[in-house]
Amino acid sequence: MHVFYSEKRRGDFLILEDEEVRHFRVRRIRRGERFGVIYEGDIYICEAQRQEKNEVVCKILEKTDSKPPPKEVILYQCVTVELKTMDTIVRQATELGVLTFVPVISERSFRNKDAILKRIQKWERLVREAMKQSRRAIPMSIKEPLKLEEVEPSARENILLDNFHEGIKPRQLDLSSESFCVVVGPEGGFSERESRMLREKGFKSVLLEPYTLRSETATCAICSIIMNC
Ligand code: SAH
């Protein structure tokens, strides 16, 4: 089933605008064909009532049971020097059910805050695309960048992924917790000072076996473990 994204409701109708109108045309939806529309945290089954130049009016037929993510994950992702990698991480984190995405500036990360702020708009568009693709109704919210020093362990389980450091195995975490903070380093990893600072704040250093992963792989692996265990 095709899925679209709406930010406007008029009574029993959801309205597709802008980019979504183009997406709707590309999909060549036929008259009477049913499709999904994500609106304010729910997915509705709809059919097209009328198509105009700037909008598609969709009649709501029923509301589906859309699943919220099973765990509340805040991802503190050090901004990779290769910004395109961040685009991939944003998409994958959305698919995996991360609720909050915080870009983090660390010693070895991409460090230009203005450039990161500019990129957030693109990331928000990627979140919407990934939501449609993975039938996720609740958005992943993207926060303004923080410095690594500002990151605090606010969840039941607070994880530092650090391949330079002895760490516990994922199964030694309390994976039944309902909330997690996860900190992942950039391509060059964390400095010794950064790693110590986070551990002193209460983050548990976790080592994923058996090899050293790219930042984006490490993020996917830990999020998948958290969501599925
Ligand atoms: N440049 C480093 C690799 C850094 S990998 C080196 O050559 O060793 C980038 C980030 O991914 C790390 O900071 C860490 O957060 C995460 N990561 C990669 N592999 C990992 C592993 N095996 N266990 C835990 N975290 C890992």
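Distance between the C-alpha centers of segment 123-171 and segment 1-54? Whole Å please. Here the two parts' Cα centres lie 30 Å apart. Secondary structure note: in the chain, about 45% of the DSSP beta bridges are antiparallel. The sum of -39500 (n - 2.57) across all DSSP H runs of n ≥ 4, divided by the residue count of the chain, sets its helix-only mean residue ellipticity at 222 nm to -9500 deg cm²/dmol. All other residues whose Cβ lies under 12 angstrom from that of LYS8 are scored, Lys and Arg at +1 and Asp and Glu at -1, for a net of -4.
For LYS113, a cut-off of 18 angstrom between C-alpha atoms picks up these lysines, skipping any fewer than 8 places away in its own chain: LYS84, LYS122, LYS143, LYS147. Computed from the C-beta positions of GLN133 and ARG10 and an R0 of 22 Å, the FRET efficiency is 0.25 to the nearest 0.05. By the Cβ rule of 4.7 Å, the chain holds the following cysteines without a possible disulfide partner: CYS78, CYS181, CYS220, CYS223, CYS229.
Going highest first, how would you order 201-212, 74-85 by mean Cβ packing within 10 Å?
Sorting 201-212, 74-85 by mean packing, highest first, produces 74-85, 201-212.
Taking the C-alpha atoms only, the angle from helix 192-201 to the longest principal axis of the chain is near 70 degrees. Listed by chain and number, the aspartates and glutamates placed with their C-alpha closer than 19 angstrom to that of LYS204 are GLU72, GLU149, GLU150, GLU152, GLU157, ASP162, GLU166, ASP174, GLU178, GLU192, GLU194; residues fewer than eight positions away on the same chain are left out. Sorting 155-165, 106-116, 20-30 by their mean Cβ neighbour count within 10 Å, with the most densely packed peptide first, gives 155-165, 106-116, 20-30. The Cβ shell under 12 Å around PRO68 holds other residues with a net charge of -1, Lys and Arg each +1, Asp and Glu each -1.
Throughout, read-outs are computed from the coordinates displayed, never taken from laboratory work. Here the structure is a predicted model, which means the values were calculated and not measured. With ideal geometry, Cβ positions are generated from the backbone for all residues, glycine too; neighbour counts draw on all protein chains shown.
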